[in-house]
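*Asks:* Pasting a structure here, questions to come.
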Amino acid sequence: MKKYLTSLALVALSAGTAAWGQQQWRRSQFITNTYLANPAVAGTEPGTVLSSSYRQQWAGFDGAPTTKLLSGHQAIPGGGGVGFVLYNDDMGGAIKQTGLELTGAYSVLLSNQDAVSFGLSMRGNQFVFDGTGLNVWQTGDQSLPQTIESTFGVDFNAGMMVYGKNYYFGMSVYNLLEDKLNLSGVDEDANRMVRHYNFMASYLYEVSQLFSLQPSALVRMTAATPGQLDFHLRAIYNGTYWAGMGLRPQDAFVIGTGINYGAFTLAYNYDITLGDNYLSAHSHELSFGYFLPVRSAFRSRPGSGRKARANDRILK
């Protein structure tokens, strides 16, 4: 039943999507750190998970977007989870965001290894518009002030996720309060952060004792734009090595690889731009992670042995 539910979710996520720009950062490696797409993931792995990542969008283009992330989350006794995200998101020269998210989550046992998790994050975000380096056709345009404007706001993210030994599916909402930016030269209705919705699903198919396949899907959307699909399929050998490919329709084709070495994880993704993007055809994303198991965690009970813990690391 779990397999069919997740398969239906994957199919549903694949419908009606196109590429749209969004305020929330983009990551091709959502499958290796799902916590960054849903705060409900905090505490769903039996231990402490630390991860850092760097993404260079449109490599070789001067002033192209870059994103730096540092995150961690940990299971605590009684079904709880805590986490944090530090980020610096340069969206392309004039616009930058820097902030901190703090997360609390709670999982409720359903049956066997299945559970449902709920998460809530509070975020402090520094939004900066630097117009001093802009080359504009007409000076004095109020919508493109050649000054530095900075605003700080507080907002919240929420999510839920149903998960088990080999699957998960869930949703999350970012910018719940739609915090106002108060930038000059911008209409009041557009002068704010907007809500972002993520819908995600994944299933780990164990083909044999050594070989597994994992299809995953993530849809991002806002109240004003249609969804953008990320679909990824990776092959995993012995819970240690993996390689895969993904697709964002009308945006990019993705190739990725990674390795678990003891407590450490290393992953790399290469995006090949599709469509009529003349800025650059290449994007790179590199991440490094560390996992410290904790035996007293919510998922560490009779029946969750070494293989189950390995699956948790691969799955989320």
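*Asks:* When the residues of region 151-169 are narrowed to those that are among the small types (Gly, Ala, Ser) and touching a Ser or Thr at 6+ places or on another chain (Cβ under 7 Å), which ends up nearest to Lys316 (Cα to Cα)? Step through it out loud before you land on a result.
*Replies:* Of the residues in region 151-169, the ones among the small types (Gly, Ala, Ser) are 153, 158-159, 164.
Narrowing the set further to residues that are touching a Ser or Thr at 6+ places or on another chain (Cβ under 7 Å) leaves 158-159.
On the way: Ala158: 18, Gly159: 15 Å.
Among those that are among the small types (Gly, Ala, Ser) and touching a Ser or Thr at 6+ places or on another chain (Cβ under 7 Å), it is Gly159.
*Asks:* Report the residue count in region 92-117 for those that are outside any strand (DSSP E or B) and either in contact with an Asp or Glu (Cβ under 8 Å, 6 or more places away or on another chain) or surrounded by fewer than 16 Cβ atoms within 10 Å (Cβ to Cβ) (or both). Break it down stepwise before answering.
*Replies:* Just the residues of region 92-117 that are outside any strand (DSSP E or B), to begin with: 92-94, 112-113.
After this cut, where a residue has to be either in contact with an Asp or Glu (Cβ under 8 Å, 6 or more places away or on another chain) or surrounded by fewer than 16 Cβ atoms within 10 Å (Cβ to Cβ) (or both) as well, the list is 92-94, 112.
The total comes to 4.
*Asks:* Follow-up question, since we're still on this one. Output the residue which, of all residues in region 118-142 that are at pLDDT below 85 and within 31 Å of the chain's Cα centre (by Cα), is surrounded by the most Cβ atoms within 10 Å (Cβ to Cβ). Walk me through it before giving the result.
*Replies:* Initially, region 118-142 is screened for residues at pLDDT below 85, giving 129-142.
Next, only the ones that are within 31 Å of the chain's Cα centre (by Cα) stay: 129-131, 133-134.
Working: Phe129: 20, Asp130: 15, Gly131: 17, Gly133: 10, Leu134: 14.
Of everything passing the filter in region 118-142, Phe129 is surrounded by the most Cβ atoms within 10 Å (Cβ to Cβ).
*Asks:* OK, next. Going through region 55-91 one residue at a time, which ones are under 29 Å from Thr132 (Cα atoms), part of a strand (DSSP E or B) and among the aromatic types (Phe, Trp, Tyr)?
*Replies:* Tyr87
*Asks:* Let me ask another. Please tell me if Thr222 is within 19 Å of Phe199 (Cα to Cα), surrounded by 15 or more Cβ atoms within 10 Å (Cβ to Cβ) and among the polar types (S, T, N, Q).
*Replies:* Details: within 19 Å of Phe199 (Cα to Cα): yes; surrounded by 15 or more Cβ atoms within 10 Å (Cβ to Cβ): yes; among the polar types (S, T, N, Q): yes.
Answer is yes for this residue.
The values are calculated or read from the model by the stated rules, or taken from the named source; none is laboratory data. On a predicted model such as this, the values are computed, not experimentally measured, just so you know. All Cβ positions, glycine included, derive from the backbone under ideal geometry; neighbour counts span all protein chains shown.
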